[in-house]
1. What is the Cα coordinate range of region 134-198 on the first, second and third principal axes, sorted by size from largest, in whole angstrom?
2. Using Cα atoms only, what is the angle between the long axis of helix 97-121 and the major principal axis of the chain, expressed in degrees (0 to 90) to the nearest 10?
3. Rounded, prolate or oblate for region 37-160? Axes are the square roots of the Cα gyration tensor eigenvalues, ordered a ≥ b ≥ c, and the cut-off for rounded is a/c under 1.5.
4. Using each residue's phi in region 190-196, evaluate 6.51 cos²θ - 1.76 cosθ + 1.60 at θ = phi - 60° and report the 3J(HN,Hα) Karplus result to the nearest Hz, with x for Gly and Pro.
5. List the residues whose amide H sits under 5 Å from the amide H of Arg8, counting only those 5 or more places along or on another chain, with H placed 1.01 Å from N in the peptide plane.
6. Skip the ligands, DNA and RNA, and give the accessible area per residue of region 170-217 with a 1.4 Å probe, whole Å².
7. For region 185-243, take every pair of Cα atoms, bin their distances at 5 Å starting from 0, and report each bin as a whole percent.
8. Evaluate the relative contact order of the chain (contact order divided by residue number), counting alpha-carbon pairs under 8 angstrom at least 6 apart; express in whole percent.
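The values are calculated or read from the model by the stated rules, or taken from the named source; none is laboratory data. It should be emphasised that the depicted structure is a prediction, and the values quoted were computed from it without experimental measurement. We place every Cβ from the backbone using ideal geometry, glycine too, and count neighbours over all the protein chains shown. Note: accessible area is taken over every heavy atom of the protein model, side chains too, but ligands, DNA and RNA are not part of it. Shrake-Rupley method; radii C 1.70, N 1.55, O 1.52, S 1.80 Å.
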Amino acid sequence: MRHDHHGRTHRLELDDQTLREWDCTVLASDPEDGLVLDRSAFYPGGGGQPPDHGVLLWGGVQTRIVGVRPRDDLWLLPDPDDPLPPVGTQVRGAVDDARRSLLMRTHSGLHVLCGVMFRDFGVPVTGGNMEPGQARLDFDLAEVPPGFKDTLTEALNTEVAADRAIQVRVLPRDDAYALGPIIKTATDLLPPELEVVRLVDVVGLDLQADGGTHVASTRQIGRVQVTKVENKGRGFRRVRIALPD
């Protein structure tokens, strides 16, 4: 499968992370499974990033999209109270911009956190999760230095202010691994059959395999606040961040 396709759907968000509206055609329409489009910019979720929400506009009505179910095809989940466009219908898709943009900032903020922790402490990520504007990463960190929360907040915002470019590229698997440690998790979760790897590069700070959506530079993340550092057991530290308004 091509890296920019999921089943029959061309994934537009992998080509252009700023795209919010597009025209497309319904390829499948089912009350139980949902909808399949020939082209879609709805991020389906993965790597801790939740799926996009949005709408499809057609025939003077709208169908709200409230989730995505990745199978062999990329099935969009409509609001159960909304009508389904039949197969062959030409529709206008639109991603919820506020939600997606905040998720992009949050996801990029997590990569800055990962890069700072890997650079300063050499520790891998053992888990994580994100919602719009708040997120967490778990690290295999044995000891927490005094003043860690405030020092880490300062380090993160120094990298945000540095306005580092965030670049995306796709390479053959062997070429990607040859660049260095592109897996920052304790376990390599890339499927062995994956022939090409999508890399997200916070230039000069963090390079790793990633399939999510991101802003174009660290400055676009905005201020990052470390809200809590939790001890979840020996060598298990949970760092929570938020992006204040």
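1. Principal extents (largest minus smallest coordinate, Cα): 43, 30, 24 Å.
2. Roughly 30 degrees between the two axes.
3. Details: a/c = 3.74, a/b = 2.81, b/c = 1.33.
It is prolate, given that a/c is not under 1.5 and a/b is the larger ratio.
4. Taking θ as phi minus 60°, the curve returns 5, x, x, 7, 5, 8, 10 Hz for region 190-196.
5. Leu74
6. In whole numbers, region 170-217 has 48 Å² accessible per residue.
7. P(r) for region 185-243, in whole percents per bin: 4, 12, 16, 19, 20, 17, 10, 3.
8. 19 percent
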